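J.: Questions regarding the structure given below will be posed in turn.
The values are calculated or read from the model by the stated rules, or taken from the named source; none is laboratory data. Computed from a predicted model, the values in this text were never measured in an experiment. Heads up, the Cβs are rebuilt from the backbone with ideal geometry, glycines too, and the neighbour counts pull from every protein chain shown.
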Amino acid sequence: MERPLTKNIRPNEDPLSLMEYEQAGGYRAVRTMLSTMSPQDVQVQVKASNLRGRGGAGFPTGMKWSFVPMGENAPKQKYFIVNADEMEPGAFKDRYLLEGDPHQLIEGIVVAAYAIQASHAYIFLRQGYGRAELLLNKAIAEAYENKLLGENILGSGFSLDLRIHTSAGRYICGEETALINALEGKRATPRAKPPFPQVSGLWGRPTVVNNVETVVNLPHIVNNGADWFKSIGGINDSGTKIYGVSGRVRNPGLWELPMGTMVSDLIEEQAGGMMDGYRLRAFMPGGASTDFLTPDHMNVRMDFDSVMKAGSRMGTGTITVLDDRTCPVGFVHSLEKFFRRESCGWCTPCREGLPWIERTLQAIETGKGEMSDLDLLTEQCRLLGPGNTFCALAPGAVEPLQSALKYFLEDFESHINNKHCPWKSI
């Protein structure tokens, strides 16, 4: 089974140096691209590969790039940004790539920047990823020393300056325009769209923001072609995906597998099934901002369309397991507390609605809730749903809640009727 993204990663060891990375075939894509391909050629190949963004939304990468103005009349200054501010609870795939193979990310950045003709690139890095920052800085220095970054890369005439921006650490920076505001030194709040960042982004210039996992696919697409990339994926989506499972399973972790791998394979085979004494009750397929699915969904394929049809979103592809000995009300309360804190406060439904939801769940969890609270929570899920807020933070925040009310209504009612959390006595 091909694992292009993780083949160079050596667990519990330092990542490959530049020399070792090149011996393993690294920067071959950059050399091939700069000597034989135009920016349009790269865009066409990435679009043909059907690479979809791995940050959560799943938007086609080549199509996203195609909105950037190109040609003689295009703005001379353009920017490429890697979103490495991995703040989704339950997600840890980008950290694995950042620490395990930083040169692969740098090579992907050069490919992307060349494709849109950006002369400046930034890695927007989560503040808590200190080890990743050290390793990235070392790899960037090696790349500059060997003319793989900077002025006139490998004598091609293409130049790229790459810098790391360490984030202050807010969940809202997962929204690309909030990230751009933060990078400009402003408050991290989303911008109105249009204009879209590809036309007017960082400092008013054309800008593309891609996730870490998306970017590291690019060298392999350039090296092996679009047909190869599609051949290693599933029925609906191309390429491999770094899936994860966390919770009370025997072997929590990350695995690079073909897109469309079944949930049962991830939980039962890769993660080893549930720990002794625990039973699977539900799972969130793509991090904390996705709807719960149940054991009835174990045969769902983990691709964007299949998970959507099942009633959730694939998101980051990192599954969070809920077992039968964990209170689902307390579980959701913990998530909503996080989202309430991470709201940027820009729009009223999110700023006022999430604290209201969190307080209501707190009352139910501590035995002070009333049956009318369930109607209130249901109404809040509607009011904070898609189309009612400025960005996707609040709609994502209520996804686990709305599905918990669907699948675990008896647990909510038990808390209210018995005036305490049943799990507290276990």
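Conditions tested, residue by residue: (1) assigned by TED's automatic domain parsing to the domain that holds Leu280; (2) out of contact with any helix residue (DSSP H, G or I) (no Cβ under 8 Å at 6 or more places or on another chain); (3) of a type in the set (Val, Ile, Thr); (4) touching a residue at least 60 places away in the same chain (Cβ under 8 Å).
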| residue | (1), (2), (3), (4) |
| --- | --- |
| Ile357 | no, no, yes, no |
| Thr360 | no, no, yes, no |
| Ile364 | no, no, yes, no |
| Gly367 | no, no, no, no |
| Ser372 | no, yes, no, no |
| Asn388 | no, no, no, no |
| Leu393 | no, no, no, yes |
| Ser403 | no, yes, no, yes |
| Phe408 | no, no, no, yes |
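J.: Same structure again: Taking the residues in segment 169-187 that are part of a loop (DSSP other than H, G, I, E, B) and within 18 Å of the chain's Cα centre (by Cα) as candidates, determine which candidate is farthest from Ala57 (Cα to Cα).
T.: Within segment 169-187, the match that is farthest from Ala57 (Cα to Cα) is Gly169.
J.: Would you mind finding the one in Gly90, Gly58, Gly71, Gly62 that is without any contact (Cβ under 8 Å) to a residue 60 or more places away in the chain and either touching a strand residue (DSSP E or B) at 6+ places or on another chain (Cβ under 7 Å) or outside any helix (DSSP H, G or I) (or both)?
T.: Gly71
J.: Given the criteria modelled with pLDDT under 95 and over 15 Å from Gly26 (Cα atoms), does Arg126 qualify?
T.: Yes.
J.: With Thr378, Thr348 as the choices, which residue is more than 24 Å from the chain's Cα centre (by Cα), of a type in the set (S, T, N, Q) and closer than 28 Å to Gly55 by Cβ?
T.: Thr348
J.: Continuing with the same structure: So which helices (runs of 4 or more DSSP H) stay within segment 16-55 end to end and still have 1 or more residues that are at pLDDT 95 or above and aromatic (Phe, Trp, Tyr)?
T.: Once the helices (runs of 4 or more DSSP H) in segment 16-55 are filtered for at least 1 residues that are at pLDDT 95 or above and aromatic (Phe, Trp, Tyr), what remains is 18-23.
J.: Of the numbered conditions (1) part of a helix (DSSP H, G or I); (2) surrounded by 24 or more Cβ atoms within 10 Å (Cβ to Cβ); (3) not hydroxyl-bearing (Ser, Thr, Tyr), Val209 fails exactly one; give the number of that condition.
T.: Going through (1) part of a helix (DSSP H, G or I); (2) surrounded by 24 or more Cβ atoms within 10 Å (Cβ to Cβ); (3) not hydroxyl-bearing (Ser, Thr, Tyr) one by one, Val209 breaks only (1).
J.: Next question, about the same structure. Does segment 61-81 contain at least one residue that is surrounded by fewer than 22 Cβ atoms within 10 Å (Cβ to Cβ), at pLDDT below 95, charged (D, E, K, R) and out of contact with any Pro (no Cβ under 6 Å at 6 or more places or on another chain)?
T.: Yes.
J.: Inspect all residues belonging to segment 341-350 and state whether any of them is of a type in the set (D, E, K, R) and either at pLDDT below 95 or surrounded by 23 or more Cβ atoms within 10 Å (Cβ to Cβ) (or both).
T.: So far as segment 341-350 goes, yes, one or more of its residues are of a type in the set (D, E, K, R) and either at pLDDT below 95 or surrounded by 23 or more Cβ atoms within 10 Å (Cβ to Cβ) (or both).
J.: Given the options Glu175, Glu151, Glu107, name the one that is of a type outside the set (Lys, Arg) and free of Cβ contacts under 8 Å to residues at least 24 places away in the same chain.
T.: Result of the check over Glu175, Glu151, Glu107: Glu151.
J.: Contact list please: Cβ distance under 8 Å, first residue in segment 307-319 and basic (Lys, Arg), second residue in a helix (DSSP H, G or I), pairs at least six apart or on different chains.
T.: From segment 307-319, the pairs are Arg313/Phe304; Arg313/Val307; Arg313/Glu399.
J.: Can you give me the number of residues within segment 188-206 that are within 14 Å of Tyr79 (Cα to Cα), in a loop (DSSP other than H, G, I, E, B) and either of a type outside the set (Phe, Trp, Tyr) or free of Cβ contacts under 8 Å to residues at least 60 places away in the same chain (or both)?
T.: Residues in segment 188-206 being within 14 Å of Tyr79 (Cα to Cα), in a loop (DSSP other than H, G, I, E, B) and either of a type outside the set (Phe, Trp, Tyr) or free of Cβ contacts under 8 Å to residues at least 60 places away in the same chain (or both): 7 in total.
J.: Would you check if Ala141 is among the small types (Gly, Ala, Ser), buried (at least 22 other Cβ atoms within 10 Å of the Cβ) and within 29 Å of Glu20 (Cα to Cα)?
T.: no
J.: Need a quick list: helices (runs of 4 or more DSSP H) entirely within segment 291-376 having at least 2 residues that are in contact with a Leu (Cβ under 7 Å, 6 or more places away or on another chain) and under 20 Å from Ser414 (Cβ atoms).
T.: 328-342, 348-365
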